[in-house]
Amino acid sequence: MLARLFLLFFSTGFLLAAAADWPTWRGPAENGSSPEKTLPETWADGKNVAWTADLPGPGAGTPLVLGERVFLPSVDGEEVTAICLDATTGKQLWKQTVGPNKGFPRKGNSAQPSPASDGERVVFLTGTGWLAAFDLDGKELWKEEVTKSLGPFKQNFGYGATPVFIDGKLVMANLVRVPHGKSFVVAYDPATGQELWKVERPTDAEKESGATYASVVPIEFDGKPAALVAGGDVITIHDLADGNELLRQDYAGKKKQKHWRLVATPTVDGDIVYFQDPRGGRVTRYELADGKLNETWSHKGKYGDVPCPLLYEGLLFILNGRDRVLYCFDPKEGTKLWEEKLPLSGPLRASPVGAGGMVYCVSEDGVATVFAAAREPKQVASFQTKRPGTLATPAVAGGALYLRDDERLTKVAP
């Protein structure tokens, strides 16, 4: 338990500054869940909608919620902007330009990465390679064009990973298609934007398999905070002091594929890593011990590809967003407890979120489906939100859900 509390501290940069905040795109525990207890089951037909705020354009970045402020990126014409809203009223408090926008196939744009915060500052990254930090009042602290050092972002559908704060450093990776340049992991000083270290991350993956859309994940290695990076057919763990590679685990095996890019960010729980193969393959549980990632169970099947694993209420939820199926596993034993087909609603790109004893799934077409977080399947609600373009994972904070679509941010509260 102490190790997990320590992990929670260094992953966010502050010990759940407020336990009900949503300080990273994966939530306060970096696993898609929130400790919030009372949340609405439905927001159909405007019920339980506290406010909606119009946005200047689309974006897939998950909102951050820190106290009474909400932060999110948005396309605004030819630019990507950083926006801060009042959490109580939805009123815009400030807006700053981060960098240029560029369109990508299938609705992609340069506002795909989510912001990150250590409680003192908020960092925004664009899909065109501009990284900028602001204080909570909107003052620009620094701005860097990181592709000058990391090389261009070469992922087919645009860069979508989110930087992460680990032990006072801001860490990110650029894993690209082969042979379109080298892949790197890098750490920055969040106060100045200065590059602290950069290491090459080689791979023998081929073509698109070299690329990843997954974000770096905090983990503990030999009692010290470290960075887990997944993609290019391998999982690596890096020393935060210098970026040195501490561990390398192959997840592709002998049957390497040329077009198996990784999308879903792994979920870490102490010394356990839950990993989804690219393109809806296996779900695997690894245990970090003796400097190795040891496979403890694995399920072969047609599981998740884009949505990330959710660990909540002692259960592991995997969402197949293309086929619209939610799976529930016993995370320790690996037993599949149930699977439920979601209503016809188009694909789901947003990751499932757990809070208030429920699991929330929202489709790209704006259909929300809510399940009880239980060992037996129970659908609580399913309804059309009339909010198409929902690509961003919802945020949960202060007894409310924050849902972002192409045109607006909606706060839902009982």
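The values are calculated or read from the model by the stated rules, or taken from the named source; none is laboratory data. Since this is a predicted model, take the numbers as computed values, not measurements. Please note: Cβ atoms are built from the backbone with ideal geometry, for glycine as well, and neighbour counts cover all protein chains shown. These accessible areas exclude ligands, DNA and RNA; they are computed on the full protein's heavy atoms, side chains included. Shrake-Rupley method; radii C 1.70, N 1.55, O 1.52, S 1.80 Å.
Structural remarks
- Look at segment 150-167: where a residue is on the phi < 0 side of the Ramachandran plot and a partner is charged (D, E, K, R) and crowded, with 23+ Cβ neighbours inside 10 Å, sitting 6+ places away or on another chain with Cβ atoms under 8 Å, you get Gln155/Arg261; Asn156/Arg261.
- Across segment 80-93, the number of residues qualifying as open to solvent by 30 Å² or more (accessible area, probe 1.4 Å) and either in a strand (DSSP E or B) or of a type in the set (Asp, Glu) (or both) comes to 3.
- Just one of (1) modelled with pLDDT of 95 or more; (2) open to solvent by 10 Å² or more (accessible area, probe 1.4 Å); (3) touching a strand residue (DSSP E or B) at 6+ places or on another chain (Cβ under 8 Å) fails for Arg282. It is (1).
- Within segment 60-74, the only residue that satisfies the criterion of being out of contact with any Leu (no Cβ under 7 Å at 6 or more places or on another chain), buried (at least 18 other Cβ atoms within 10 Å of the Cβ) and not in a strand (DSSP E or B) is Thr62.
Conditions (1) farther than 25 Å from Thr203 by Cα; (2) modelled with pLDDT under 95, marked per residue:
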site	(1), (2)
Asp86	yes, no
Ser110	yes, yes
Ala116	yes, no
Val123	yes, no
Thr128	no, yes
Ala133	yes, no
Leu141	yes, no
Arg177	no, yes
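- The set of residues from segment 312-327 being in contact with an Asp or Glu (Cβ under 9 Å, 6 or more places away or on another chain), surrounded by fewer than 23 Cβ atoms within 10 Å (Cβ to Cβ) and modelled with pLDDT of 95 or more comprises Gly314, Leu315, Val325, Tyr327.
- Search result, residues across segment 186-208 that are open to solvent by less than 20 Å² (accessible area, probe 1.4 Å) and in contact with a Ser or Thr (Cβ under 8 Å, 6 or more places away or on another chain): Val186, Arg201
- Number of positions in segment 209-222 that are of a type in the set (Gly, Ala, Ser), at pLDDT 95 or above and either more than 15 Å from the chain's Cα centre (by Cα) or surrounded by fewer than 23 Cβ atoms within 10 Å (Cβ to Cβ) (or both): 0
- Test for Gly77: is it over 22 Å from Lys169 (Cα atoms) and open to solvent by 40 Å² or more (accessible area, probe 1.4 Å): yes
- Scanning segment 238-261 for residues that are part of a strand (DSSP E or B) and in contact (Cβ under 8 Å) with a residue 40 or more places away in the chain returns His238, Glu245, Leu246, Leu247, Gln249.
- Gln276 vs. criteria polar (S, T, N, Q) and surrounded by fewer than 24 Cβ atoms within 10 Å (Cβ to Cβ): no
- Options Thr52, Thr97, Thr89: the member that is free of Cβ contacts under 8 Å to residues at least 24 places away in the same chain and polar (S, T, N, Q): Thr97
- Test result for Val65, farther than 27 Å from Gly193 by Cα, at pLDDT 95 or above and not small (Gly, Ala, Ser): no
- Strands (runs of 3 or more DSSP E) (entirely within segment 100-162) containing at least 3 residues that are of a type in the set (A, V, I, L, M, F, W, C): 121-125, 130-135
- Complete set of residues in segment 162-197 that are among the small types (Gly, Ala, Ser) and within 15 Å of Glu145 (Cβ to Cβ): Gly193
- Whichever residue in segment 224-234 is of a type in the set (A, V, I, L, M) and buried (at least 22 other Cβ atoms within 10 Å of the Cβ) and, among such residues, is farthest from the chain's Cα centre (by Cα): Ala226
- Test result for Gly366, over 18 Å from the mean Cα position of the chain (by Cα), crowded, with 16+ Cβ neighbours inside 10 Å and small (Gly, Ala, Ser): yes
- Against the test of being surrounded by fewer than 18 Cβ atoms within 10 Å (Cβ to Cβ), closer than 14 Å to Pro331 by Cα and not hydrophobic (A, V, I, L, M, F, W, C), the options Glu287, Glu245 yield a single qualifying residue, Glu287.
- Residue in segment 127-139 that is charged (D, E, K, R) and within 20 Å of the chain's Cα centre (by Cα) present: no
- Residues of segment 163-177 that turn out to be open to solvent by 10 Å² or more (accessible area, probe 1.4 Å), in contact with a strand residue (DSSP E or B) (Cβ under 6 Å, 6 or more places away or on another chain) and part of a loop (DSSP other than H, G, I, E, B), as a count: 1
- Residues of segment 366-414 classified as part of a loop (DSSP other than H, G, I, E, B), within 17 Å of Ala350 (Cα to Cα) and in contact with a Lys or Arg (Cβ under 9 Å, 6 or more places away or on another chain), total: 11
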